[in-house]
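Working notes, beginning with the structure itself.
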Amino acid sequence: MKRPILLKGRAWALRDEKGRAIDDIDTDQIYHNAHLAITELEKMGRFALGNLPGWEDFPQKARPGDILVVGQNFGAGSSRQQAVDCFRSLGIALIMGESFGAIYKRNAINSGFPLMVCSGIISQSGKVDSGNILEVNLSTGEVFNHTTGKKIEGGERFSQVQMDIYQAGNLFEYGKTILP
Amino acid sequence: MGKTIIEKIIARHCREKVTPGKVVWVDIDLRTARDFGGANVVENFRRNYHEDRVADAAKTFFAFDCVAPANNIPYANNQQICRDFAQQQGIKVFDVDQGIGSHILIDKGLCLPGYIAVGTDSHLNLLGALGALGQGMGDVDIAFAFKTGKTWFEVPETIKVVVKGKLSPPVSAKDLTLAVLKRLGSKGALGKAIEFCGEAIDSLSLDGRITLASMVTEMGGIVGFITPNQEVLAYCRARAGKEDIEAITADPDAHYCQTIDIDISGLKPQISLPYYPSKVANVDEVEGERVNSIFLGSCTNGRWEDFKMVAFILKGKKVHEGVMFKAVPSTREVYGRLLKKGLADVLFDAGVILTSSGCGGCASGQVGMTGEGEVQLSTGNRNFKGKQGAGKTFLVSPATAAVSALYGKITSPDKV
C-alpha cells in the first residue's frame, strides 16, 4: 500500500500576533502535561497547541489535510509522543518547519507522520501565509505555493529511513519487513 | 580518520560502518519507560505484538518518577497498567518510592560507560555523565525497543566544548551549565552530540557531571559526553560489582563539526529567566525580585551534593516568612541519607517541605504547581511557560535557591 508522495493542503503559519515566526515551541505548548494520561489518539486532537498563546483555538479551526508551517526547533522539550499524535488526531497532513527538536523529529518519523525541513519557509516573508494552498513533494523536497504562484526553495527531501517508515505505515510495520 | 565518542559507542553496538549522517541499527543495552509514556508503550506493544514476549526482560525496566505516588486516577491507572504488564513479562519495576529512573540506572550500576540506554524521558541523555549514550524517545520507539532490543540512529556529528577555568564556590556545576547553555542557545547543538572537556569539566564530581549532561537537551543536543575520570569509574565499579569497566575516549584525530571554547574564570552565579532555559543572565542582574516559592530537586539538581549545599546554607536559619520551600530528593537513596545523616532535621528546622523522591514539581507537579503571579526559583532544567503552572519560573543553582529562600528575594550567593 503506497502512501501519497504529493501532498496538497491549506497552510497554517505559526506566527505570533506581530507576524513573527514563533521559534522554540516546546512540547508543553503543543500538548500540555495536564493531558498526558490520555492514551487514545482520537481524544488528543482537542488539546493541540492548547498552551500556545494565540493558537488555543487551533483544534477548532484545523481541517483534515491541512499543513502546519513552523519555525526553528519546533517540538523542543519532552519526549511525549502525544505532541505528534495530537496533530495526527486532527488529520493534519504534514508539518513543515525550519528545524525540529531531535526527539520530536524521531517521534514523527516513527509514527509515519510526514514532517519536512524547509529552511527559511516562515522566517522569510512572502513565502507562505496562513490560508495559502501548498503542494509538497515528499520525495524531491519541491514545494509550490498555489496562492502566490511561486516555488518555495529550501525543502529537504525525506531521508531513506523516513520514507521507508512512512511507506510501511509506521516503525512497527517497517520493523516487520527488515528484522527477522 | 579517528572516531568521536558517539561514533565509537554506536560502532560497538552495530554491525555496520559508522559515519556521521548514516542511519544504522543498533542493539540497545537498556530500555526503560516511566509512568509518563509507560502506559502508551504498553498499549503500542499490545496493539502490535499482542501476547509476544519482550526481547530481554533483564534489560527492560519501568521506573515511576513523574507522579509518585499517583495523585490522580489517570496516572494511577497508567502505573497499574505498567505493573500488570511488567508482571506478565517478568520486567523489574522501580516503583513510586524509588525516585528518578535515569538516576536509578546510574546508582544501581545498571548503566555503565559505553552503554546505550533509551527511555521515555527526554533527560535520559544525562547518562552522558558516565560516558554512556542515553536517549529520550517517544512511546512508539520504546515499544519497538522493548520488543526487538533494537533501534535506528542517524549517527550525529559532534561538537567539542572546551571549558577553561576553575569553579570557585558558591559558583557550581549548575552555573557552569547555564553559562554553556547561554553560549550555545536552545538550538546550538540541535541534532548533534557534544563532548565536554577542559579543566573545569575534569574537576566536576559525578553529581556535577549529571547536572551538566542533563541540560544538553535544553541546548537541542542528542547527548553530551563527559569522559569518566577515576572517581566516576570507581563509582560505576562499586555499584555494578564488577571491575572490567573502562571509559570510551575519543581518538586524538576525531573529527568535530565545531569546537567551542568557554572560559568560566570569574563566572558569577547564573539564572535562567522566564520562559526559556537558554535566556540566561547573571543572578545579580535580577537581584531583589520577590520570591514566593522554591523547588529544590529534579534530575538536574536533586542529588546528595545539591542537598548538602542547601543544608549548609540553611543550617540554623529560617526560610523567609511566606516562602514555600519544596525539596524533592532525586532518589530514595538520597532521601535515606538525608534522614540518616541529620540533613533532614536541618531542612525541617529551616522550614523546608521535604518529600519522598521523584521528579517533583519539575514534571507534572506532583509536588506543587505555581499559581498566577507566583514567582518560583527552581533547580530544575525547564521553565517553559505554563509547564509548572501559571507562575513564572527561574532556573538557578541549589546555592542561589537556598540564599534567595532566606531573603525572600532573588539573591546572589556570592554576596553573603
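None of the figures in this text is laboratory data; all of them are computed from the coordinates on show. No experiment lies behind these values; they were computed from the predicted model shown. Here Cβ is always computed from backbone atoms with ideal geometry, including for glycine, and neighbour counts include all displayed protein chains.
Each 5 Å bin, from zero up to the one with the longest distance, holds this percent of the alpha carbon pairs of the range A:6-178: 2, 9, 18, 23, 22, 15, 8, 2, 1, 0.
Which of the three applies to the range B:62-107, rounded, prolate or oblate, going by the alpha-carbon gyration tensor with a ≥ b ≥ c and a/c under 1.5 meaning rounded? Note, shape of the range B:62-107 comes out oblate. With a cut-off of at most 16 other beta carbons within 10 Å, and DSSP calling the residue loop, which trypsin sites (Lys or Arg not before Pro) in the range A:1-108 qualify? Please list them. For trypsin sites (Lys or Arg not before Pro) across the range A:1-108 that sit outside H, G, I, E and B with at most 16 neighbouring Cβ atoms in 10 Å, the list reads A:LYS2, A:LYS18, A:ARG20. Which of rounded, prolate, oblate describes the range A:119-163, given a ≥ b ≥ c as roots of the alpha-carbon gyration tensor eigenvalues and a/c under 1.5 marking rounded, otherwise prolate only if a/b is larger than b/c? In terms of gyration-tensor shape, prolate.
In what sequence do B:HIS103, B:HIS13 fall when counting other Cβ within 10 Å, fewest first?
Neighbour counts put them in this order, fewest first: B:HIS13, B:HIS103.
With a Förster radius of 51 Å applied to the C-beta separation of A:ASP57 and B:GLU285, the computed FRET efficiency comes to 0.85. Counting Cβ atoms of other protein chains within 10 Å of each residue's Cβ and taking the mean over peptide B:273-280 gives 2.
Work out how much length B:ARG15 to B:ALA390 would gain on full extension: take 0.36 nm times their residue separation and subtract the Cα-Cα distance, in nm to one decimal. Extending this stretch completely gives an extra 130.1 nm. Across the alpha-carbon atoms of the range B:148-204, the computed radius of gyration and Dmax are 14.4, 47 angstrom. Once you sort the root eigenvalues of the Cα gyration tensor of the range B:274-416 as a ≥ b ≥ c, which label holds: rounded (a/c under 1.5), prolate (a/b larger than b/c) or oblate (the other case)? Cα axes put the range B:274-416 in the oblate bin. A Förster radius of 56 Å, combined with the Cβ-Cβ distance separating A:GLU173 from B:LYS164, puts the computed FRET efficiency at roughly 0.65.
Can you give the mean number of other chain Cβ atoms that lie within 10 Å of the Cβ atoms in peptide B:140-148?
5
Against the empirical 2.2 N^0.38 Å scaling, what ratio does the C-alpha Rg of the protein assembly as shown come to? Before the final figure, lay out the partial values.
Working: Rg = 23.0 Å, N = 596, 2.2 N^0.38 = 24.9 Å.
Working it through for the protein assembly as shown, the quotient is 0.92.
Per-residue Cβ neighbour counts within 10 Å put B:LEU124, B:LEU181, B:LEU190 in the sequence B:LEU190, B:LEU181, B:LEU124, beginning with the fewest. Structure shown: which of A:LYS105/B:LYS3; A:LYS18/B:LYS326; A:LYS127/B:LYS150; B:LYS160/B:LYS279; B:LYS108/B:LYS164 lie over 30 Å apart, alpha-carbon to alpha-carbon? Check vs 30 Å cut-off fails for A:LYS18/B:LYS326; A:LYS127/B:LYS150; B:LYS108/B:LYS164. Length gained on full extension, B:HIS255 to B:ARG183, computed as 0.36 nm times the residue gap minus the Cα-Cα distance: 23.8 nm.
Report the percentage of all Cα-Cα pairs in the range B:229-353 whose separation exceeds 25 Å, rounded to a whole percent. Roughly 49 percent, rounded to a whole number. Max-minus-min Cα coordinates of the range B:201-267 on each principal axis give 37, 30, 24 Å, with the largest extent listed first.
Quotient of the Cα radius of gyration of the range A:71-121 and 2.2 N^0.38 Å, N being its number of residues: 1.02.
The tail of the calculated P(r) for the range B:1-156, taken as Cα-Cα distances beyond 18 Å, holds 56 percent of the pairs. Across all directions, the shadow cast by the convex hull of the range B:74-172 built on its C-alpha atoms averages 9.4 square nanometres.
Listed from fewest to most Cβ neighbours within 10 Å, the set B:LYS108, B:LYS340 follows the order B:LYS340, B:LYS108. The range A:86-153 and the range B:57-90 have their alpha-carbon centroids 36 Å apart. Placing unit charges on the Cβ atoms only, positive for Lys and Arg and negative for Asp and Glu, gives the protein assembly as shown a dipole magnitude near 320 debye about its Cα centre.
Rounded to the nearest whole Hz, the Karplus-based 3J(HN,Hα) values (6.51 cos²θ - 1.76 cosθ + 1.60, θ = phi - 60°) of the range A:104-110 follow the sequence 4, 4, 4, 4, 5, 4, 5, with x at glycine and proline. For the range B:281-340, the fraction of C-alpha pairs more than 14 angstrom apart is 64%. Taking every Cα-Cα distance in the range B:158-263 and sorting them into 5 Å bins from zero, the calculated P(r) comes out as 2, 12, 23, 24, 19, 13, 6, 2 percent.
At q = 0.08, 0.13 Å⁻¹, what is the log10 ratio I(q)/I(0) for chain B, with the Debye formula run over Cα points and no solvent? Ignoring solvent entirely, the Cα scatterers give -0.40, -1.10.
Multiplying each eigenvalue of the alpha-carbon gyration tensor of the range B:298-372 by 5 and taking the square root yields semi-axes of 19, 17, 9 Å, largest first, rounded to whole angstroms. As a length-normalised measure over Cα pairs under 8 Å and 6 or more apart, the relative contact order of chain B settles at 18 percent.
Taking N as the residue count of the range A:1-66, its C-alpha radius of gyration divided by 2.2 N^0.38 Å amounts to 1.29. Take the convex hull of the alpha carbons in the range B:118-161; its mean projected area over all directions comes to 3.6 nm². The stretch between B:SER265 and B:ALA76, if pulled fully straight at 0.36 nm per residue, gains 63.2 nm over its current Cα-Cα span. Spin-label model, A:GLN160/B:ALA55: points 7 Å from Cα along the beta carbon direction are separated by 2.0 nm.
Under a point-charge model restricted to the Cβ atoms of Lys and Arg (+1) and Asp and Glu (-1), what is the dipole moment magnitude of the range B:311-374 relative to its Cα centre, in debye to the nearest 20?
Here the range B:311-374 has a charge dipole of around 380 debye.
For chain A, a crude dipole built from +1 on the beta carbon of Lys and Arg and -1 on the beta carbon of Asp and Glu, taken about the Cα centre, is about 440 debye to the nearest 20. Comparing B:SER278, B:VAL375, B:LEU354 along the charge dipole axis of the range B:270-415, the residue lying farthest to the positive side is B:LEU354, per the Cβ-charge model.
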